[in-house]
Each structure stands twice: as C-alpha cells, then as structure tokens.
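Undergrad: Before I ask anything, let me first share the structure, which is written out below as structure tokens.
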Amino acid sequence: MSHQSNGILFTNGRFFNGSTSVAELDTSMVVKNGKIAYIGLASSLEAKIYEDSGIQKQDLDGHHILPGFIDGHMHFLMLGQSLSKVDLDGCANINEIRKRIKKYAEENPSKERILCMGWMHSMTEGEAKASMLDDLGDRPIYIDSKDLHSVWCNTPALQEMSVQEMPDPAGGTISRDSSGRAEGLLSEACVLLIVWPYLAKVLPMEEKVAALRAAIKAYHAVGCTGFIDMAMDENAWEAVLAFRKAEGGTLPMRIAAHWCILPGSGEADRLAQVERSIELQKQFNEKMSPDLRILGIKIICDGVIDACTAALAQPYTSHPSASLDPIWTSDMLGPVVKKACEAGLQCALHAIGDAAVHNAINVLEKYGEANQRHRVEHLELTAPEDAKRLGELGITASIQPVHSDPAILRAWPKLLGPERVKRAFAYKEFADHGAVLAIGSDSPTAPHAPLQNLYVGSTRKSARQTGAGDTPVNEHFKLGVAQAVSAATRGAAYSCFAEKRVGSLEVGMEADFCVVEWSGEATGLLEAKVRETWFAGKQVFQV
Ligand SMILES: [Zn+2]
C-alpha cells in the first residue's frame, strides 16, 4: 500500500517544524518515491494539485508527525542480545535477583548459559560474588551491570572463560579474594576484552543476526528510523554485514557507527586499531554506503560515577580513596585522536567525570577541527568552563537524558556531595553556550524509547518510577520540549553528518517519520504513543 508511485498525501497532522511543539493543523505533507515532495499549507495551490491528482490520502487524525528519531548513542548487537536476556531492572536486593534467575532457568532448560542484564551495584550493596549465584545451577551465569561497565559471573562462567589463569587486562579489574582467586566481578576493560569476545565466539551467527533483527523491530516500534552504534567492533560488524546480506543488501534503518578503540597493549596497538577504522571508513562512507557508515572512532576515556570509576577532578565524597585516574590518560589519547583527526574521522570520546571531560575537550581542541564535528559522550559531570567550551569548539554534546532519571541517581548526593551534584547533567548550559545537542539512549544500558527519554530530558523527572516522589535532578538544566525533540532528530542527524537527508520534515528529505499521539507538552510525553513509523516512505510499524 505504501509504495504507490503517485505518492501519498498526509493531511490533518501536526507536523513538527523544529521550533514549535504544536505546529498548525492546516499543513499537508506529500511523500513520493521515498522522499518528502511537499510540506506546507493544505490550502495552497500545490497541495490542491496533489489532492486533485487522485493521490492516495491518509488522514492523520490530528496526531503529531515527528521526524523519525535517530538514537545518537546506542549499542546495536548488545541491544538485540539484551532483548532475550533476563532483565533484573527494578530488583531491590539479592533475593529478588536470585528469584528472577531461577525462574528463567526453570523456564529455559535448554539454554546453554543464562545471560542477565540490568543489575546495579546498589542492588547488592556493592557486592558481586560468584558464591552468591553458585547454588542456582551448573550453567554459566553472566550478569551485566546496567551501565555495561562490569559483569558479575558465577563459577561456571569464570571457568569457561578461564579467568582464573588470567592477569588483569590493561584498564580492567578482575576482583579477587585475599588469596588472589577471581571472585566473580569483572570490571571496565575486562568486559570489552574478556567477556564480550568470549560470548561473541560462542554465540552462533544466526543468533546474532536474529538479535539484530529484533533490535530493529524494537526500534521501529518506538519511532526510530536511524541510530549511531557507539562501540562497533569486529564481532558486531561481522554480524551487521551478515544481517544486511540476509536482508537482501538493504537495511530498514539508517545506521552509522563509531569504531571502538581499546587501550590495548601499547601505542602501536592503539594506532593499528585506528588504522582499521580508517580502512573501513574508506569503504563504508556517505558516498559508497549512505545507510551503513563508519564515522570514526570511539574511546572510553573513563568509567561511571556509580562504580567510582569516572575520572573526577576532586575525590569521591563517599569513597575518598577511590582512584581518580581515567582509563585513558592524556598521553594515551593524544596520538590516537591526532591520527584519527588527520584521517578526517570523527572522534567520540566517552567522558563522564569532570576530569575526563576536561581531558577530552583539551585533546579535541588540540587536534580537531570544528567542521569534523567531534563529540563528547555522556558529559555527566562538567565544570562550568568546560560546559562553555563545547559550543566554542564545535563539539557535539552527546547526551542521554535517561541516565539523568532521578530514580537511578539516589546514590549521587552521597557519591559526589551535595554541592558537586548540582553540576550533574548540565544539558541546558551546553545548549545555551552554543553546543549542538544529540540525544541518545545508550541502550541497552537504558531503555531505548525516545519519548520517555525526552520526558526525562524536558522535565528531569523520573520515567522509571513515576510515583516514587524523587525530586527532579537539577531542574534548571532541563531542555525545552521542542529543543529536546530537535536534539533527538535533527541534532542527532547533524552529529553524524546526515542532516541534509534526515532529521527534519522538509522537501527533499527522506520520508522517515513517526505518527505520535501526544498532547504536545513535556509532561504528556510519558503517556504519548507512537502509532506509526515510516522509513523512506514505507510504513515499517503500525500499532
Ligand atoms: Zn554507550
């Protein structure tokens, strides 16, 4: 139905124009050959000509029409795989965690291993030992922390990965007991270097392809037509290519990716990884592969605040002896960023703590050009001076409002102290000083649905636990609702050099959009519902 060559005339919708949240109702849009052929007054001569041409019509019932959302920061294969993991989100303690795992194990007797997600250190008071899981059965159990910066394993999982025989990898910690034996928790680089490669090796390709297919379906159902994978590696890339092949060479999603550079064994190793991303970018760029692109590199400069692994300028208030060092020192960052910039690649630097943000901006200032659209990911704690520099240097602020949900930040006032916590998630300040905002979800570390994400971004209230009565997190940093929608569409498109094709509803743009039942206000975003999603003029989701 949706591929009529005459096109389709959409009437009676509220088309988002970038600045108002409730655009006028007397607007029509014509979609033809996968692109927007007309958008403007329903009463114009041009609209009348379309109407009289016998074109197919769709009445939009007064719903909002937003550009297809582009998730500015996500993890494609992991999201797909997480869709079949045991979700521990919302567990209050170890007993609830064990109960959920036990139930899943009983219901899935043929699964070779039990993969879980959504655990937070605070649920188990910071403890994560194999012995807390070992009586649940003989199968390996892997529990991803919500932030994906650590994995808690039972003894069979430690055994199958041969962790006991391993030294700590660079940038990673294997938690050990007093006799040096691995206890179950693997943190930071261990996740990237030990767990993911192992699971990538043992999971069959058809399972990975099925996971990618499930991820795209889940994205269509929430109004997304594009995303940026923020830690692409050989394993995921191989699966994405196999998936594209299985789909007949085209994808129903506009995908761009940053290649993840690991600390590795030294500078030569790191530069070789950059070399690999340069090579891939030559094949998968705007000209040769517009909907599956490698944009540049990703570097995970520090950890996360909850695990006290984010690099801060001043000690953690609750853990004054925790190390403040970043995973990537300035000395490590310099040569890698320099090489990427010289090759014209985009750099995306994960920086959560204020010290990591400061280092990241410094290195981009030193080697990058504003027109290369470099970006800093997360920006959870920033000094006022650094919040200002983003815009001045043309650095995109890649933000994930879902991470600022008050329900998951209850430990922060203790971790950071009551004064410093006032600097958390200074989104509005980034924008006020001229930075382009690109909103993402960082799924599967957080839910991928954009409307809920935008709710948190524009109210700073909880989308997870709406009735819990948490105070909004630094409410003065909230975004305007139209500003938030723009950051999740046009801003995210800009961040990956795609704003001329997608991200706004204008003539000549790809017809990627979603139909949303919504009041048009920030407070209404939680109840808002995506009714339809269209990709390149074709309906890919309907309620
Ligand atoms: Zn991420």
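Derivation of every value follows stated rules applied to the coordinates shown; laboratory data play no part. Quantities reported herein were computed from a predicted structural model and do not represent experimental measurements. Note that each Cβ is placed from the backbone with ideal geometry, even for glycine, and that neighbours are counted across all protein chains shown.
Undergrad: What does the charge count around residue 343 come to, taking other residues whose C-beta lies under 11 Å from its C-beta (Lys +1, Arg +1, Asp -1, Glu -1)?
TA: With Lys, Arg at +1 and Asp, Glu at -1, the net is 0.
Undergrad: Please compute the length gained on full extension between residue 103 and residue 331, using 0.36 nm multiplied by the number of residues separating them and subtracting their Cα-Cα distance.
TA: Stretched out fully, the residue 103 to residue 331 stretch lengthens by 77.3 nm.
Undergrad: Can you count the Lys pairs in the range 301-479 with C-alpha separation below 16 Å, eight or more apart or on different chains?
TA: 9
Undergrad: Considering Cα pairs under 8 angstrom that are at least six residues apart, work out the relative contact order of the chain and quote it in whole percent.
TA: The value is 17 percent.
Undergrad: Sticking with this structure for a sec: So, in Å, what gap is there between the alpha-carbon centers of the range 38-60 and the range 200-229?
TA: 37
Undergrad: Let me ask something else. Suppose R0 equals 51 Å. What FRET efficiency, 1/(1 + (r/R0)^6) with r the Cβ-Cβ distance, do residue 422 and residue 49 give to the nearest 0.05?
TA: About 0.35, to the nearest 0.05.
Undergrad: Roughly speaking, what is the stretch gain from residue 527 to residue 84, that is 0.36 nm per residue apart minus the C-alpha to C-alpha distance, in nm to one decimal?
TA: Full-extension gain reported as 156.9 nm.
Undergrad: Can you work out the Karplus-derived ³J(HN,Hα) for every residue in the range 526-531? Use 6.51 cos²θ - 1.76 cosθ + 1.60 with θ = phi - 60°, whole Hz, and x for glycine or proline.
TA: Karplus-based 3J(HN,Hα) across the range 526-531 equals 5, 8, 4, 9, 6, 9 Hz.
Undergrad: Let me ask another. Please list, ordered by chain and number, the residues whose modelled amide H lies under 5 Å from the amide H of residue 298; skip anything fewer than 5 residues away on the same chain.
TA: Hits under the 5 Å cutoff: 259, 260, 261, 348.
Undergrad: Could you give me the ³J(HN,Hα) list for the range 204-213, computed from phi with Karplus coefficients 6.51, -1.76, 1.60 and θ = phi - 60°, whole Hz, x at Gly and Pro?
TA: Each residue of the range 204-213 in turn: x, 4, 5, 5, 5, 4, 5, 5, 5, 4 Hz.
Undergrad: Follow-up question, since we're still on this one. How far apart, in nanometres, would the label points at residue 170 and residue 433 be if each is projected 7 angstrom from Cα along the Cα-to-Cβ direction?
TA: Distance between the two pseudo-spin positions: 3.2 nm.
Undergrad: In whole angstrom, note down how far apart the Cα centers of the range 481-495 and the range 77-119 are.
TA: Measuring centre to centre over Cα atoms gives 34 Å.
Undergrad: Go ahead and collect, in residue order, the members of the range 103-140 whose backbone nitrogen is under 15 Å from a label point 7 Å along the Cα-Cβ direction of residue 177.
TA: Zone members listed by number: 128-135.
Undergrad: Please give every one of the aspartates and glutamates within straight-line cross-link reach of residue 500, meaning a C-alpha to C-alpha distance under 15 Å, and leave out same-chain neighbours fewer than 8 residues apart.
TA: Hits, sequence-local ones excluded: 286, 291, 510, 512.
Undergrad: Right, next: Under 12 Å Cα-Cα from residue 529, which aspartates and glutamates qualify once same-chain neighbours fewer than 8 residues away are excluded?
TA: 517
Undergrad: A further question follows. Just subtract the alpha-carbon distance of residue 506 and residue 251 from 0.36 nm times their residue separation and send over the number in nm, one decimal.
TA: 89.5 nm
Undergrad: Count the net charge of all other residues whose Cβ sits under 11 Å from the Cβ of residue 30, scoring Lys and Arg as +1 and Asp and Glu as -1.
TA: Summing Lys/Arg as +1 and Asp/Glu as -1 gives +1.
Undergrad: Oh, and also: Could you put 309, 489 in order, starting from the residue whose Cβ has the fewest other Cβ atoms within 10 Å?
TA: Arranged by neighbour count, lowest to highest, 309, 489 become 309, 489.
Undergrad: Here's another thing I want to ask about it. Straight distance only, please: which lysines reach the Cα of residue 48 with their own Cα at less than 26 Å, same-chain residues fewer than 8 apart left out?
TA: Correct list for residue 48: 32, 35, 57, 538.
Undergrad: ³J(HN,Hα) across the range 455-461 via Karplus (A = 6.51, B = -1.76, C = 1.60, θ = phi - 60°), whole Hz, x for Gly/Pro?
TA: Values, residue by residue: 4, 5, x, 9, 10, 6, 9 Hz.
Undergrad: Looking at the range 103-212, how many pairs of lysines come closer than 22 Å at the Cα, when each pair is eight or more places apart or spans two chains?
TA: Count of close lysine pairs: 7.
Undergrad: Please compute the modelled spin-label separation between residue 370 and residue 286, points set 7 Å along Cα→Cβ, answer in nm with one decimal.
TA: 1.8
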